[in-house]
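All remarks here apply to the structure that follows.
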Amino acid sequence: MRSTVKVAACALAAILLAGAGPAKAQSEYPNKVIHFIVGFAAGGGNDLFARLVVQKFQQNTGYSAVIENKPGAGGRLSSSYVAKQPADGYTVLVGASGQMAIATAAIPNLDYHATKNFIPLNMIASFPLVLVVPAGHPVKSVKELIAWAKANPDKSNYGTSSPAFTIASELLKLKTGMPAVAIPYKSSNESNLSVVGGQTLFTITDGPPAIPLVTGGKLRALAVTGAERSPELPNVPSMAEAGYPDVNSQLWSGFFVPAGTPDTVVNKLTTELGKALADAGVRESLSKMAVKPGGPTGEAFKKYIDTDIKNYADVVKAAKLTFQ
């Protein structure tokens, strides 16, 4: 009798332990390598952001993490890939605004949505765009550029290499009534060089390729988008200062996990990535890349993205833009 009871008790204990296995595994997250997926080639801005933050994340936590580059389709390939991965916190997307908010707003038949198929964790950094013209051009302000374009519509064009820059340029046109024809290029560096060479009147571009040409006297920066000046171009007014506060395009990068990831995992990742982003050395290194470190997290980040999607969609519709 005693032997039978003892066997039954052991069997019950084994069943209870087996049932506790998955719960214990989840409570011990992470217990394997976390994969951070970057949608661009190694050496690009988002790749550098990821390596900088993830390195500090590993140092702080002791977690195992690797960065994988899956470039293609302006980052959209990586977003599509991560959206289809298990929602367990072991696959984290390093997503840029172009592949997330802008793609959701502008790309037809996209197989994911930035805030419906993903949970936003932390914004890594944000940065304004820069409006530049040839250094030798007579216009020296945004208002002068608008007046010149209206007086010379057949000579008014702009270089662009992505939907982000096209939308920013079309927003300027919508808010000012200035004419300008888009001229496509393969990279923002090519767009900048087209302005240097006089093939295009202006471009609205990201800071890293433009700022050296501005400081080197090849381009003249008329404004940076948004309400604040760029620390890298302290003498260049913001669009708000120039009189056009609605021309406020800001690009950003952030961390995302697939929708359905457990709250405990989301909270742990958000907290630990936030600690890495708050590190003084990380913030200094990000600032040197001409970006503003940090930003909203969680629900506030989601609302930020949803606002971006609406604003971009409004410009796409008003300007009758089409993207592939």
Scan segment 268-282 and report the pairs whose first residue is assigned to a helix (DSSP H, G or I) and whose second residue is at pLDDT below 95 and not aromatic (Phe, Trp, Tyr), with Cβ atoms within less than 9 Å and a gap of 6+ or a chain change.
Leu277/Leu286
Every residue in segment 46-100 that is over 15 Å from the mean Cα position of the chain (by Cα), part of a loop (DSSP other than H, G, I, E, B) and within 17 Å of Leu110 (Cβ to Cβ), please.
Lys70, Gly72, Lys84
Assess whether Leu233 counts as being farther than 27 Å from Val316 by Cα and crowded, with 22+ Cβ neighbours inside 10 Å.
no
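When segment 242-274 is examined, which residues are found to be surrounded by fewer than 16 Cβ atoms within 10 Å (Cβ to Cβ) and either acidic (Asp, Glu) or touching a helix residue (DSSP H, G or I) at 6+ places or on another chain (Cβ under 6 Å) (or both)?
Step one: filter segment 242-274 for residues surrounded by fewer than 16 Cβ atoms within 10 Å (Cβ to Cβ), giving 243, 245-246, 259-260, 262-264, 267, 271.
Hits for segment 242-274 are Asp246, Asp263.
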Determine which single condition Leu172 fails, assuming it passes every other condition in (1) free of Cβ contacts under 8 Å to residues at least 60 places away in the same chain; (2) closer than 23 Å to Ala240 by Cα.
(1)
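For every residue, the table says whether it meets (1) surrounded by fewer than 20 Cβ atoms within 10 Å (Cβ to Cβ); (2) of a type in the set (D, E, K, R).
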| site | (1), (2) |
| --- | --- |
| Ile102 | no, no |
| His113 | yes, no |
| Ala125 | no, no |
| Lys186 | yes, yes |
| Gly198 | yes, no |
Working only within segment 49-66, note down all residues that are within 17 Å of Val282 (Cα to Cα) and surrounded by fewer than 19 Cβ atoms within 10 Å (Cβ to Cβ).
Arg51, Gln55, Gln58, Gln59, Asn60, Thr61
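The values are calculated or read from the model by the stated rules, or taken from the named source; none is laboratory data. These numbers come from a predicted model, not from an experiment. When we count neighbours, we look across all protein chains shown, and the Cβ atoms used for this are built from the backbone with ideal geometry, even at glycine.
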